[in-house]
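The values are calculated or read from the model by the stated rules, or taken from the named source; none is laboratory data. Here the structure is a predicted model, which is why all the values come from computation and not from measurement. No Cβ is skipped: glycine too gets one built from the backbone with ideal geometry, and neighbour counts run over all protein chains shown. Note: areas computed on protein heavy atoms with side chains; ligands, DNA, RNA excluded. Shrake-Rupley method; radii C 1.70, N 1.55, O 1.52, S 1.80 Å.
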Amino acid sequence: LETDAWTYNGGIPGPLIRVRKGDRLIVHFSNHLPDPTTVHWHGLRIPIQMDGVPVLSQPWVEPGGTFTYDFVVPDAGLFWYHPHVMSAKQVGYGLYGALLVEDPDEQVGVADETVIVLSDIGFDDRGKLDDPDSGGSTGMAFGREGEYVLVNGKLRPRLTVRSGAPQRWRVANTAKSRYFQVDLDGNRFTRIGGDGGLIEHPVTLDTLVLAQGERADVIITPKGKPGTELEV
């Protein structure tokens with residue numbers, strides 16, 4: 001089954017943008033969609049003119065229009081980007097991606113790491129993306145849960161890890177209305193950070209709960225014999 005989606009650079013999620021704290025980020029944005037849109041840099045402390053919220057910051061970018069986002073990233077952590085025009089519709093159609101700001105002076109000391117973008121997507125009986133109007137005014141404002149859960153844009157992907165070797169997972173919930181409760185077959189999570197970067201003291205969790213737009217920085221140490229499969 002094939003269907004049309006709205007994407008950044010042709011992929012769901014959009015490309016992972018990886019920069020360092022203090023870097024200047026320049027994004028040349030072109031709108032090839034049928035609707036106006038913007039890019040909002042969720043969680044970043046940047047000049048309001050670059051924040052992508054129509055009326056409050058920048059005008060929306062009309063179909064066929066362009067805009068250059070140009071700012072310095074002041075804080076380390078995992079952030080994400082998405083539209084702030086009809087957000088439930090446009091995020092639900094596939095417009096979201098992760099932005100990782102690294103701190104070269106960080107002392108976490110875990111070599112194996114990955115960025116995980118959690119989302120969902122829904123289709124109607126014809127295989128087309130769910131019409132946001134189908135949820136009424138509430139669905140239009142806040143979005144509906146899609147029946148398919150995606151991890152980095154894929155359905156039930158696999159990740160190869162080394163038994164006993166710590167892994168650093170930077171996880172973002174980019175779904176428009178779904179909460180996630182993440183369980184790793186009984187393996188515990190050590191949460192070292194979240195929306196505001198690293199936290200003062202690590203917290204050990206049996207499961208990881210993420211609301212919409214929330215991020216988490218966690219360390220897990222998968223246990224098992226070689227060839228073992230753990231279900232998340």
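Restricted to strands (runs of 3 or more DSSP E) entirely inside the stretch 128-232, those with at least 1 residues that are open to solvent by 50 Å² or more (accessible area, probe 1.4 Å) and either modelled with pLDDT under 90 or farther than 20 Å from E113 by Cβ (or both) are 148-151, 180-182, 197-205, 208-210. From the list L16, L95, the one residue that fits, being open to solvent by less than 30 Å² (accessible area, probe 1.4 Å), modelled with pLDDT of 95 or more and of a type in the set (A, V, I, L, M, F, W, C), is L95.
Output yes when any residue across the stretch 100-110 is touching a Leu at 6+ places or on another chain (Cβ under 6 Å), surrounded by 22 or more Cβ atoms within 10 Å (Cβ to Cβ) and closer than 21 Å to N152 by Cα, and no when none is. Within the stretch 100-110, not a single residue is touching a Leu at 6+ places or on another chain (Cβ under 6 Å), surrounded by 22 or more Cβ atoms within 10 Å (Cβ to Cβ) and closer than 21 Å to N152 by Cα.
Is it fair to say S119 is touching a Lys or Arg at 6+ places or on another chain (Cβ under 9 Å), surrounded by 14 or more Cβ atoms within 10 Å (Cβ to Cβ), among the hydroxyl-bearing types (S, T, Y) and at pLDDT 95 or above?
So S119 fits the description; yes.
Name the residue that is surrounded by the most Cβ atoms within 10 Å (Cβ to Cβ), counting only residues in the stretch 1-13 that are assigned to a loop (DSSP other than H, G, I, E, B) and not hydrophobic (A, V, I, L, M, F, W, C). Walk me through how you get there before you give the answer.
Taking the stretch 1-13 as the starting set, the residues that turn out to be assigned to a loop (DSSP other than H, G, I, E, B) are 1-7, 9-10, 12-13.
Subset that is not hydrophobic (A, V, I, L, M, F, W, C): 2-4, 7, 9-10, 13.
On the way: E2: 5, T3: 11, D4: 9, T7: 18, N9: 7, G10: 8, P13: 24.
Step by step, filter the stretch 1-13, then rank; the result is P13.
Among residues of the stretch 207-218 that are without any contact (Cβ under 8 Å) to a residue 40 or more places away in the chain and β-branched (V, I, T), those with a beta-carbon under 8 Å from a residue that is part of a strand (DSSP E or B) and open to solvent by 40 Å² or more (accessible area, probe 1.4 Å) at least six positions away or on a different chain give the pairs T207/Q181; V209/Q181.
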